[in-house]
């Protein structure tokens, strides 16, 4: 979800939202987002797709913004994260290397973003998350990802799903994914 804030909105605290769902087991929830500087102005961005309370709440009855974001210019539920091109990993020994996506990353008002790689083996129900480091000016290196993939194959795994994500804390701002 994203919300365009009013021009005078303070960014001293992270943006917050709350919701009420119709499913009484998951009826109330809250999320903290991040502030982005966009061409349209100051924007609060929330990653609700990774919040099980939001997903399991089934029908969401009401969403409200809190604190400095109590009044907004507009808000919308975003169907999908921005995809960052179509690069695929290249194996280098025990590691994977990606070309850095050419698309610009979101401009953060506060904090720093970081890349991470999530891997999932649906056959063995194994998963792992790896930190990502810069590999020169145009590359991203994931140490140990190829070793994890080989271990999955030895156990009989057929497909390995991967997601390269640009995150600020628990908030994913952009991603790229595939299967090998």
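Each reported figure results from applying straightforward, stated rules to the coordinates on display, with no laboratory input. This one's a predicted model, so the numbers in the text were calculated from it and none came from an experiment. A quick note on method: Cβ atoms are made from the backbone with ideal geometry, for glycine too, and the neighbour counts reach across all protein chains shown.
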* Selected from 111, 57, 29 as most flexible by GNM, with the chain as the system and alpha-carbon contacts under 10 Å -> 111
* In whole angstrom, note down how far apart the Cα centers of the stretch 35-58 and the stretch 118-142 are. => 23
* By what distance, in whole Å, do the Cα atoms of the chain stretch along each of the three principal axes, largest value first? -> 52, 42, 23
* Asked: Taking a spot 7 Å from the Cα of residue 24 along the direction of its beta carbon, which residues of the stretch 51-70 have an amide N less than 20 Å from it?
  -> 53-62
* Potential lengthening between residue 88 and residue 37 on full extension [0.36 nm per residue; Cα-Cα distance subtracted] -> 15.5 nm
* Asked: If one takes the longest principal axis of the Cα atoms in the chain, at what angle in degrees, from 0 to 90 and to the nearest 10, does the Cα axis of helix 145-154 lie?
  -> 60
* Asked: Along the Cα-to-C-beta direction of residue 61, a point sits 7 Å from the Cα; which residues of the stretch 9-25 have their amide N less than 11 Å from that point?
  -> 20-25
* Asked: Cα-based Rg (one decimal) and Dmax (whole number) for the stretch 2-76, in Å?
  -> 12.7, 39
* Hull volume in cubic angstrom per residue (convex hull over the Cα atoms of the stretch 110-180) -> 91
* Asked: With each run of n ≥ 4 DSSP H residues scored as -39500 (n - 2.57), what mean residue ellipticity at 222 nm is computed for the chain after dividing by its residue count and rounding to the nearest 500 deg cm²/dmol?
  -> -2000 deg cm²/dmol
* Would you mind ranking 63, 78 so that the residue whose beta carbon has the fewest other beta carbons within 10 Å leads the list? => 78, 63
* To do: List the pair-distance distribution P(r) of the stretch 54-161, using every Cα-Cα distance, as the percent of pairs falling in each 5 Å bin from 0 up to the bin containing the longest distance, rounded to whole percents.
  => 2, 9, 14, 16, 15, 13, 12, 9, 6, 3, 0
